[in-house]
Amino acid sequence: MADNLLDILNQRDDLTEQELLQYLQGNLTPEERNAVEQRLSSSDMMSDAEEGLRMADEKKMRHAVADLNKQLSHQLQQQRRKRKHKPVPNQSLIIITTFLILVLIVLAFLVIYKMKNG
Amino acid sequence: MNTTYSTIPDQELLNRFYHDGDNKWLGQLLQRYTVLLFGVCMKYLKNEEEAKDAVQQVFEKAIKELGKYKVDYFKSWIYMVAKNHCLMQLRDKGKLPKELSEQMMATPAEDVNHTEHLQKDELLERLTIAVTELIPEQRTCIELFYLQKKSYTDIAASTGYSLMQVKSYIQNGKRNLKMILLKQQNNGR
């Protein structure tokens, strides 16, 4: 049994949302409760979430979570749509400009070559 | 949440977002944390509507920031974003308790395990001795919680402490044990 003391040094941060909700609903055996609580004591986020969810009205919480997920999806979809409709730079303009620069370089080279060789 | 992606680890979702810039990965990742973030914000703001608004702002911040730089430990990062957001709100309203103001803007503590190299038996022996050095309340709660595997409520019922006291004695007891072990180790050098 003393071996259990070593659990104090274990940092397990793998508690899932589902396990936390089951714990809050009181659906766990005493052993499972202790196992969840040991992991809660190793994770600041889970421990804070547990405290907060315990004081929240469950119905309001579920509504809020559903709304938040809906808003998030909507926001991300809008971003995606905006990105899709972003005007692409005029490709032909880029090609013509590059071609003209190349022609100018060749011409400049020819002029210099002619001047050097009389 | 889409179950198709439920088995993909957080970091993998984030890497996919960094790789192809498709924010559907970000959506999957953030939705995993909606309930937890709501709980965290609720703990500090103590109001469902305010907690909901706070989570929405945390999401907005996350979408903006994750597009700008790389985050290695998403869970710790999003927790600190949410916590700092709530603490800032409390500070702006003049409702920030002193002990919380000291935690503001804190980065997640790196819990370096300084005892990794010790043998299991030696570590256990040192821990057993260290437990005796704790104050009685912390010792009782640590023993009931880790040795007898009692839950918080069972410990509260058998000791007469409140649930908050039990949690606090366990949390502080753990921290003190680690400090005692570290001290022993430094003295042994």
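A few notes on this one:
- From least to most packed, judged by other beta carbons within 10 angstrom and beginning with the fewest, B:159, A:97 follow the order A:97, B:159.
- All C-alpha to C-alpha distances of the protein assembly as shown, sorted into 20 Å bins beginning at zero, yield P(r) values of 26, 46, 17, 9, 3, 0 percent in whole numbers.
- Calculated SAXS-style log₁₀ I(q)/I(0) at q = 0.12 Å⁻¹ - chain B, Debye, Cα scatterers: -0.85
- Relative to its Kirkwood radius, the Cα radius of gyration of chain A gives an Rg/Rh of 1.55.
- For residue B:142, neighbours were defined as the other residues whose beta-carbon sits under 13 Å from its Cβ, and their charges (Lys and Arg +1, Asp and Glu -1) total +2.
- 3J(HN,Hα) couplings calculated from phi for region B:156-168 with the Karplus curve 6.51 cos²θ - 1.76 cosθ + 1.60 (θ = phi - 60°) are, in sequence order, 4, 5, 7, 9, x, 6, 6, 4, 5, 5, 4, 4, 5 Hz; Gly and Pro show x.
- Test item: A:59-72 mean partner chain Cβ contacts at 10 Å: 6
- For the cross-link pairs B:24/B:52; A:59/B:68; A:59/B:46; B:93/B:174; A:59/B:70, the ones whose C-alpha atoms lie over 27 Å apart are A:59/B:68; B:93/B:174; A:59/B:70.
- Its residue count N sets the reference 2.2 N^0.38 Å, and the alpha-carbon radius of gyration of region B:29-81 equals 1.10 times that reference.
- 10 Å Cβ neighbours from other chains, averaged over peptide B:44-55: 4
- Between region B:1-34 and region A:24-44, the alpha-carbon center distance in angstrom: 27 Å
- Unit charges at the beta carbon, dipole of the protein assembly as shown: most positive-side option, B:165, A:20, B:5: B:5
- Neighbour-count order for B:179, A:115, A:46, fewest beta carbons within 10 angstrom listed first: A:115, B:179, A:46
- Using a Gaussian network model of chain B in which every pair of alpha carbons under 10 angstrom is joined by a spring, one finds that among B:16, B:139, B:91 the greatest mean-square fluctuation is at B:139.
Since every read-out is calculated from the coordinates, none of them should be taken as a lab result. As the structure is a computational prediction, the values presented were derived from the model and not from experiment. When we count neighbours, we look across all protein chains shown, and the Cβ atoms used for this are built from the backbone with ideal geometry, even at glycine.
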